[in-house]
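To keep things clear, I will list the structure first and then write my remarks on it.
The values are calculated or read from the model by the stated rules, or taken from the named source; none is laboratory data. Because the structure is a prediction, the values reported are computed rather than measured. Heads up, the Cβs are rebuilt from the backbone with ideal geometry, glycines too, and the neighbour counts pull from every protein chain shown.
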Amino acid sequence: MMVHAQFDPTAREALATAAVEAKTRKNLSWQQIADASGLSVAFTTAAVLGQHPLPEKSAKAVAEMLGLDEDAAMLLQTIPVRGSMPNRIPTDPTMYRFYEMLQVYGTTLKALVHEEFGDGIISAINFKLDVKKVADPEGGERAVITLDGKYLPTKPF
């Protein structure tokens, strides 16, 4: 079964559900799980939620921390079918706001990237993500989200 699990997105979805349940039951933070994996909190969280494979050592550490079995540790190592919003507008309010930001600022981001770098893309593979909470000078808190991807120019052929 594990050999074909990487082609079955429902297996990764079920594992993500089980992992989040275990995280909640054990009262763990994503940072604690990332510390066990030896990888960044953003990458580890994405992997546990089914968007990246974990290296063997990291997968075993995460599975052990969450109390998941050996099959789960193997599945955490498989290359997933990526995409957490298959062909739909997200309805979760937090995810929808990111969708809304891209609807409003997507063309602006594209124009500014192309003006600065030329024709090409920002890689989501050679990529880093960071989320920080900072104080808002006007009161409350602000979210600072850094998307740091390698620029890949279009190459004529």
**Prompt:** So is Ala135 modelled with pLDDT of 95 or more, assigned by TED's automatic domain parsing to the domain that holds Ser29 and not acidic (Asp, Glu) or not?
**Reply:** no
**Asked** When you go through Gly149, Gly140, Gly67 one by one, which is the residue that is outside the structural domain of Asp35 (by TED's automatic domain parsing), on the phi > 0 side of the Ramachandran plot and at pLDDT 95 or above?
**Response** Gly140
**Message:** Exactly one condition in (1) surrounded by 12 or more Cβ atoms within 10 Å (Cβ to Cβ); (2) under 19 Å from the mean Cα position of the chain (by Cα); (3) in contact (Cβ under 8 Å) with a residue 60 or more places away in the chain is false for Ser84; which is it?
**Reply:** (3)
**Complete:** Exactly one of Pro90, Pro137, Pro156 is part of a loop (DSSP other than H, G, I, E, B) and surrounded by 11 or more Cβ atoms within 10 Å (Cβ to Cβ), and that residue is Pro90
**Asked** For Arg97, which of the numbered conditions (1) within 21 Å of Trp30 (Cα to Cα); (2) among the charged types (D, E, K, R); (3) in a helix (DSSP H, G or I) fails to hold?
**Response** (1)
**Asked** What number of residues within segment 47-64 are assigned to a helix (DSSP H, G or I) and of a type outside the set (Ser, Thr, Tyr)?
**Response** 10
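Is it fair to say Val131 is under 26 Å from Gln31 (Cα atoms), touching a residue at least 12 places away in the same chain (Cβ under 8 Å) and out of contact with any Leu (no Cβ under 6 Å at 6 or more places or on another chain)?
Numbers: under 26 Å from Gln31 (Cα atoms): yes; touching a residue at least 12 places away in the same chain (Cβ under 8 Å): yes; out of contact with any Leu (no Cβ under 6 Å at 6 or more places or on another chain): yes.
The answer is yes for Val131.
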**Request:** Answer yes if at least one residue in segment 93-101 is farther than 29 Å from Pro55 by Cα, without any contact (Cβ under 8 Å) to a residue 24 or more places away in the chain, aliphatic (A, V, I, L, M) and surrounded by fewer than 12 Cβ atoms within 10 Å (Cβ to Cβ), and no otherwise.
**Result:** no
**Message:** Can you find a residue that is touching a strand residue (DSSP E or B) at 6+ places or on another chain (Cβ under 9 Å), of a type in the set (A, V, I, L, M), in contact (Cβ under 8 Å) with a residue 24 or more places away in the chain and surrounded by 12 or more Cβ atoms within 10 Å (Cβ to Cβ) anywhere in segment 105-117?
**Reply:** yes
